[in-house]
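See structure below.
The values are calculated or read from the model by the stated rules, or taken from the named source; none is laboratory data. Note that the structure is predicted; figures quoted are calculated from it, not measured. Cβ coordinates were reconstructed from backbone atoms using ideal geometry, including for glycine residues, and neighbour counts include every protein chain displayed.
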Amino acid sequence: MDEVLAFDLFGTLVDTASVAAALARALAGASALDAPRLAAAWRAKQLEYTFRLTLMEQYQDFDWVTARALEFALAAESRTLGPDERAELAAGYWHLSTFPDVADGLARLAGTGRELVVLSNGSPAMLAAYADRPEFAGRFTRWISVEDVRAYKPARRPYEYAAHLLGRPIGALRLISSNPFDVIGAKSAGLATAWIDRGTGVFDPIGAPPDMTVAGLTELAAVLGG
Ligand code: 2OP
């Protein structure tokens, strides 16, 4: 039986840097703004909060985490926005741009006969919104949210839960992610891995290297015979 490919969403299929345009619009007129840097700081804080909550054995959903991280990132830059403007910006995480290689890569991977699923930190409602996109429609058999186990990746629980839901041994899943923490977490839980290097070229040296490194989904499909 072929392995199941479990895709991370944020940063892997959709581009978290695409919130920069909305940040630039919201803060137009304020003093010089490096919107891509602010978007990156927001994303880094968002992930930090997921890690910290999980370490504290607490859970707040990904919308809450995203909103709090934006609050922090703005305050750290001494930028002020009202609650409605902040809410609108945070809602941008429901509408991130899909990376250009994704539609073609998923089509080819589906052609290999492997089952494709999503395993994401996103809330079930967020995942449902993404599932309706034309490039994703019908490609994934499941959109698995960590919310079901109330623990964020890279805790073991979300990976083990995905294997349990799919009724497969954990080693029959391959996690596909651009996030090194996710790749290392999955590997340490027993999954095979593929790292989508979306341009950083730098992988964290705190765990096993990825089983596979590719530049995008089209290349992944080629390596996997699609
Ligand atoms: C995701 O779960 C880790 O943010 C990443 O989609």
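Say whether the condition of being in a loop (DSSP other than H, G, I, E, B), within 15 Å of the ligand (Cβ to nearest atom) and under 24 Å from Y130 (Cα atoms) is met by at least one residue in segment 36-47.
No, there is no match, as no residue in segment 36-47 is in a loop (DSSP other than H, G, I, E, B), within 15 Å of the ligand (Cβ to nearest atom) and under 24 Å from Y130 (Cα atoms).
Residue by residue through segment 136-191, note down the ones that are basic (K, R) and on the phi > 0 side of the Ramachandran plot.
The answer is R150, and nothing else.
Condition (residue is under 26 Å from V183 (Cβ atoms), within 16 Å of the ligand (Cβ to nearest atom) and crowded, with 16+ Cβ neighbours inside 10 Å) applied to segment 19-34: is it met by at least one residue?
Yes - at least one qualifying residue is present in segment 19-34.
All but one of (1) β-branched (V, I, T); (2) assigned to a loop (DSSP other than H, G, I, E, B); (3) within 16 Å of the ligand (Cβ to nearest atom) hold for T50; state the number of the condition that does not hold.
T50 satisfies every listed condition except (2).
This table checks each residue for (1) assigned to a helix (DSSP H, G or I); (2) of a type in the set (S, T, Y).
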residue: Q60; (1), (2): no, no
residue: D63; (1), (2): yes, no
residue: R68; (1), (2): yes, no
residue: A73; (1), (2): yes, no
residue: S78; (1), (2): no, yes
residue: L81; (1), (2): no, no
residue: R86; (1), (2): yes, no
residue: L89; (1), (2): yes, no
residue: G92; (1), (2): yes, no
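If I filter segment 100-130 down to residues being at pLDDT 95 or above, in a loop (DSSP other than H, G, I, E, B) and touching a helix residue (DSSP H, G or I) at 6+ places or on another chain (Cβ under 8 Å), which single residue comes out as surrounded by the most Cβ atoms within 10 Å (Cβ to Cβ)?
Ranking the candidates gives G122 first.
Give segment 131-156 a look and list any residue that's closer than 22 Å to T66 by Cα, surrounded by 18 or more Cβ atoms within 10 Å (Cβ to Cβ) and not β-branched (V, I, T), or say none.
Of everything in segment 131-156, those that are closer than 22 Å to T66 by Cα, surrounded by 18 or more Cβ atoms within 10 Å (Cβ to Cβ) and not β-branched (V, I, T) turn out to be W143, S145, E147, A151, Y152, K153, P154, A155.
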